[in-house]
Structures are given as structure tokens and as C-alpha cells.
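Scroll down for the structure; my scribbles are underneath it.
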Amino acid sequence: MGKQRRNQRKNAAMLDSDDTDSVSSSSTIRSDQMLGNGGEELQIDKESVLDQSLDALYEKRGSTRENALVTIIEAFNSSLPHEFVEKKFATMLHQCLNSVKKGSAKEVALASHAIGLLALTVGSGKKAQEILEEAVSPISEALKSRSESSKIASLLDCLAVITFVGGNEPEETDKCMQIMWQVVHPKLGPNVVATKPSPPVITAMVSAWSFLLTTMDGWTLDPKSWQGSISYFSTLLEKEDRSIRIAAGEALALIFEIGNLEKFSIQEGNNKDVTYIHGLRAKVLNQVKNLSVEAGGKGLTKKDLNNQRNTFRDILEFLEDGYSPETSLKIGGDSLTTTTWCQLIQLNFLKRFLRGGFIKHMQENEFLHDVFDFTPKKKLISGVSGTEKRMYKSPNSALNKARTQYLNKQRMLSQDKNAGHYASGFDEE
């Protein structure tokens with residue numbers, strides 16, 4: 001229990017740390033309409049600023065569109081502009097998709113982030129499904145460009161978010177996970193030269209793929225796919241980049257949490273498969289043990305080393321004893337806790353995606369309340385009355401809440417069933 005409490009304190013500290021990778025904190029749309037006579041700034045409501053920014057997405061100058069997207073992102077981070085979305089949803093989606101198709105790498109990254117924020121704001125329902133249907137093809141094409149790592153990472157994050165919110169069927173989610181997989185395992189034609197993905201792209205792919213895996217039922221996935229993913233993530237544990245190692249380690253922990261490894265043994269008496277999977281899981285356990293106590297290396301920061309050790313100690317405890325790390329995060333005066341790898345991966349992904357807007361969305365976004373079964377005692381309702389708040393509630397909120405709570409319950413049952421199972425299951429024979 002002492003180790004569990006140490007893990008809980010450590011993860012609480014980790015989750016409460018400040019994020020520094022925000023898109024921007026000062027960029028705004030420059031418009032004559034924002035200045036009055038004598039240079040006195042007018043008080044323009046956020047919807048007007050969003051309208052101006054949306055209009056600016058029609059401009060030919062790329063820098064103008066980029067600045068407009070920055071402002072849109074800031075607005076969606078600082079509030080949930082439901083009224084604007086009700087009126088301009090289709091226009092914003094299509095203009096952002098135009099930026100994905102034709103913009104610079106920076107513009108594509110910003111537009112991708114804006115589309116993800118739009119999906120999180122509308123919540124589950126027809127609008128989220130429309131975002132997914134309209135955006136999958138352009139995002140898939142943009143991912144083939146092998147452009148800057150930041151652009152590819154943003155596209156992967158966007159695809160993960162819109163699928164998480166708008167995907168209602170396992171087939172839809174599986175299709176998007178395959179698109180992600182092909183970023184690092186491309187299907188090459190006769191005249192196509194393979195390019196080695198950068199560490200940030202690999203990390204982003206593994207993180208996005210794992211985020212979507214949290215919504216899948218392990219029994220519905222093909223055993224061969226499980227074997228292939230475990231084998232690949234095992235090779236990533238040997239990479240020098242620690243962000244890759246951590247992402248791969250968490251992905252493996254999630255696979256073992258939601259997947260039943262006994263399924264691998266039911267291969268119509270195929271002893272070769274049984275021997276292979278036993279050898280693979282023994283290898284993973286040995287890798288996790290080594291990474292949990294790895295000594296520092298030249299040029300590597302102590303923080304990165306500590307993050308790796310702490311993560312893999314948690315993974316090791318889970319594999320040996322079946323206990324997932326418990327985390328606690330303060331949201332205003334409330335505490336959001338996680339007790340499974342599924343919940344932790346969802347929380348960390350959305351915290352990283354929302355950046356400076358994370359607290360605001362956790363306090364007001366009903367979709368996220370449903371995902372985490374979290375109800376803050378005090379909601380920040382700036383400028384929105386209770387009546388208006390109810391008006392903009394997602395029409396599918398009850399359905400989504402039932403779906404997400406069912407999935408989380410399945411994860412908990414799987415965790416309880418597997419508690420103590422891994423110690424014997426990972427012993428080398």
C-alpha cells in the first residue's frame with residue numbers, strides 16, 4: 001500500500017504541473033474594427049472576434065489565416081462558444097479543412113487543432129459525426145505528405161480527437177487507427193521510397209493510437225493485430241528517445257489491461273502462436289524491469305530520466321501485481337481521479353491537447369464530464385445563463401454518458417480480473 005500511495009502522490013504532482021506547449025498566448029487578429037477613434041480599444045465580445053477570425057480564413061495571405069486560427073484556438077480554450085458553433089459550425093469546419101488541404105505546415109497544424117477543439121465543444125452527436133465523416137479523407141491525405149513533424153503530430157492528434165468524439169462504431173475507430181499505423185508503417189508502392197519517421201512523429205502516433213484503443217473492446221480485435229502491436233511497441237522500448245519509450249510502455253500497459261492474453265492461446269491448438277506470445281510477454285517484462293532502473297546517460301536531462309523510471313515502475317507493478325497507478329488531479333475545488341491505465345491515458349492525452357484550455361473544458365464541457373464521470377461542484381459559467389447552458393447541452397449526452405461509462409466499467413472489470421494474474425503470466429517457462 002505504501003508503494004501505491006507513493007505512486008498516487010507522484011502522479012498527482014505530475015498531473016498538476018504546468019503545461020508550457022501552448023499554441024500562443026498573445027497573437028490576435030489585427031483589425032481596424034478593434035480600434036476606436038484615438039486608438040482606444042473597443043470592448044468586442046468573443047463571438048464578434050470569432051466572426052472576424054472566421055472571415056479572415058477566406059483571405060489569400062497565409063499569415064492572415066494563421067493568425068485567425070490562433071485567435072480561434074484561444075477563443076475555444078478560454079470559453080465554450082456554443083452560440084457561435086450553432087450558427088457557424090459548417091463554415092468553420094469547411095474553412096479549417098481548406099487550410100488542411102492547401103495551407104503551409106504551420107497553418108495545417110493550427111487548423112487541425114481548431115477542428116479538434118470544435119469536436120470537443122460540440123460533443124457527441126450528429127455534428128461530431130459530420131466532422132469525422134468530412135475530415136478523415138483530407139487528414140489521411142495530409143498525413144501522407146511526410147512534412148514537418150509538428151504538422152504530422154497535429155494531424156494525428158486531430159484524427160484521434162474527432163474519432164474519439166464522433167466515432168460510434170468500432171469499425172470507424174479501427175479504420176482511423178489503421179490510418180495512424182500507416183504513418184510509421186506506410187504501404188509502399190513500386191515508385192515510393194520509404195522515409196524514416198522522426199521520434200516526435202512516432203511518439204505522436206503511439207499516443208494517438210493508444211488514446212483510441214481506450215474506446216475499444218479487446219475481445220473484438222484480431223489476435224494477429226494484438227501480436228503485431230505488442231511486437232512493435234516492444235521494439236520501441238529499445239529506442240534512445242525517452243518520449244518514445246514512455247508512449248510505447250503506456251501503450252503496452254493499456255493492451256495488457258483491456259486485452260485478455262489468454263485469447264492468444266486460443267488459436268485452434270496452434271502451439272507456435274502460444275510459444276511466441278509467451279516469449280514476447282517475457283521479453284516485455286524484462287524490458288520494463290530494465291527501464292524502471294536505468295542509469296542516466298550523457299546529454300539526457302534528469303527530468304526525462306525520472307519520468308521514465310516512474311512510468312516503468314508503475315508499469316512493472318501493474319504487470320507483476322495487477323495494480324494500475326492511482327492519480328488525482330485538482331480541477332478548481334474538485335478532484336478528478338483515475339484508477340486504470342485507460343483513464344490515465346485519456347486524461348493525459350486530453351490535457352496535452354487542450355493545453356491552457358484544459359481546466360476550463362473540464363469545468364464546463366459536458367462531454368468530458370461524461371467521459372470521466374466527473375461533475376464539478378462549481379462550474380465556471382461566464383456570460384452564459386443556466387437556461388442557455390441547458391439549451392446547448394449535447395442532444396446525445398445521455399447516450400454518450402452510457403457508452404463511456406460502460407466502457408470504463410468494462411476496463412475496471414478487466415483490471416479486477418487480471419489483478420495478480422500477470423505475476424504468473426509473465427514468468428518465463
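The values are calculated or read from the model by the stated rules, or taken from the named source; none is laboratory data. It should be emphasised that the depicted structure is a prediction, and the values quoted were computed from it without experimental measurement. Please note: Cβ atoms are built from the backbone with ideal geometry, for glycine as well, and neighbour counts cover all protein chains shown.
Data table
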| item | result |
| --- | --- |
| From the options ALA142, ALA153, residue that is within 17 Å of LEU97 (Cβ to Cβ) and of a type in the set (A, V, I, L, M, F, W, C) | ALA142 |
| Qualifying residue in region 135-155 (condition: part of a helix (DSSP H, G or I) and touching an Asp or Glu at 6+ places or on another chain (Cβ under 8 Å)) | no |
| Segments classed as helices (runs of 4 or more DSSP H), wholly inside region 165-267, with at least 1 members that are crowded, with 20+ Cβ neighbours inside 10 Å and modelled with pLDDT of 90 or more | 170-184, 199-213, 223-236, 242-258 |
| Out of ALA208, ALA128, ALA135, sole residue that is under 22 Å from PHE233 (Cα atoms) and hydrophobic (A, V, I, L, M, F, W, C) | ALA208 |
| Search result, residues across region 340-359 that are modelled with pLDDT under 95 and among the basic types (Lys, Arg) | ARG355 |
| Condition met for TYR392 (modelled with pLDDT of 55 or more, of a type outside the set (A, V, I, L, M) and not assigned by TED's automatic domain parsing to the domain that holds VAL70) | no |
| Residues that are touching a residue at least 40 places away in the same chain (Cβ under 8 Å) and more than 14 Å from ALA109 (Cα to Cα), drawn from region 49-70 | LEU54, LEU57 |
